[in-house]
1. Can you name the residue in segment 112-130 that is at pLDDT 95 or above and over 14 Å from Lys78 (Cβ atoms) and, of all such residues, is least open to solvent (accessible area, probe 1.4 Å)?
2. Could you please find all residues in segment 49-80 being under 9 Å from the mean Cα position of the chain (by Cα), farther than 23 Å from Asp129 by Cβ and open to solvent by less than 20 Å² (accessible area, probe 1.4 Å)?
3. Scan (1) in contact with a Pro (Cβ under 7 Å, 6 or more places away or on another chain); (2) modelled with pLDDT under 80; (3) open to solvent by less than 30 Å² (accessible area, probe 1.4 Å) for the single condition Met46 breaks and write down its number.
4. Which residue out of Ile89, Ile120, Ile113 is in contact (Cβ under 8 Å) with a residue 24 or more places away in the chain, under 17 Å from Ser54 (Cβ atoms) and among the hydrophobic types (A, V, I, L, M, F, W, C)?
5. Are there any pairs, at least 6 apart or on different chains, whose C-beta atoms fall under 7 Å, with the first in segment 59-86 and touching a residue at least 60 places away in the same chain (Cβ under 8 Å) and the second polar (S, T, N, Q), and if so, which?
6. Among all residue pairs at least 6 apart or on different chains, which show Cβ distances below 6 Å where the first residue, located in segment 29-48, is without any contact (Cβ under 8 Å) to a residue 40 or more places away in the chain and the second is of a type outside the set (S, T, N, Q) and open to solvent by 20 Å² or more (accessible area, probe 1.4 Å)?
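The values are calculated or read from the model by the stated rules, or taken from the named source; none is laboratory data. Note that the structure is a prediction, hence the values are computed from the model and not measured. Note: ideal-geometry Cβ built from the backbone for every residue, glycine included; neighbour counts use all protein chains shown. The accessibility values were calculated without ligands, DNA or RNA, using every heavy atom of the protein model including side chains. Shrake-Rupley method; radii C 1.70, N 1.55, O 1.52, S 1.80 Å.
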Amino acid sequence: MTFVKKISLALLFLSFNFVFAQTKPIESLIQNINNQDAYIVMTRTMSPRISSASAKEIVKIGKPATPDLIQVLDSQSKGIAAHFILSEIWKETWEETLCCLIHDEGNAEIVNINGLEIRIENEVLSASDEALKNNKERWKKRTHA
């Protein structure tokens with residue numbers, strides 16, 4: 001085997017290991033995110049935020065984390081958090097909603113953050129299964145993932 005072929009094989013092997021090495025940490029970080037860490041800052045705009053070290057690490061990874069985040073967008077426990085992380089990663093593709101377009105529904109308030117209808121009740125964020133599913137499809141189309 002020539003020297004060039006050996007180097008090519010070594011580079012190919014290293015690139016596969018690099019891709020696998022990046023995927024595993026992303027999956028581990030996503031396991032640690034939760035809607036309970038998500039919140040909305042309402043000032044001039046309605047800004048999605050998440051207070052989690054894992055979320056901050058995922059944002060640092062950036063767009064390569066998109067496919068893994070899209071996988072959990074329909075999760076009742078992680079979907080809103082994943083949506084907020086994606087919104088931060090892809091912030092150049094959308095505009096924050098002017099504050100405060102809030103609809104009351106009994107004891108709950110309904111807001112729309114970057115296309116996802118979110119229910120706020122007793123300071124807990126939630127979304128319907130249908131809203132989460134539709135949001136997942138929008139992110140797939142938006143990011144071509």
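1. Among those that are at pLDDT 95 or above and over 14 Å from Lys78 (Cβ atoms), it is Ser128.
2. Within segment 49-80, Ile58, Ala65 meet the criteria.
3. It fails just one condition, (1).
4. That would be Ile89, the only listed residue that is in contact (Cβ under 8 Å) with a residue 24 or more places away in the chain, under 17 Å from Ser54 (Cβ atoms) and among the hydrophobic types (A, V, I, L, M, F, W, C).
5. Thr66/Thr143; Leu73/Asn135
6. Leu29/Glu57; Val41/Arg49
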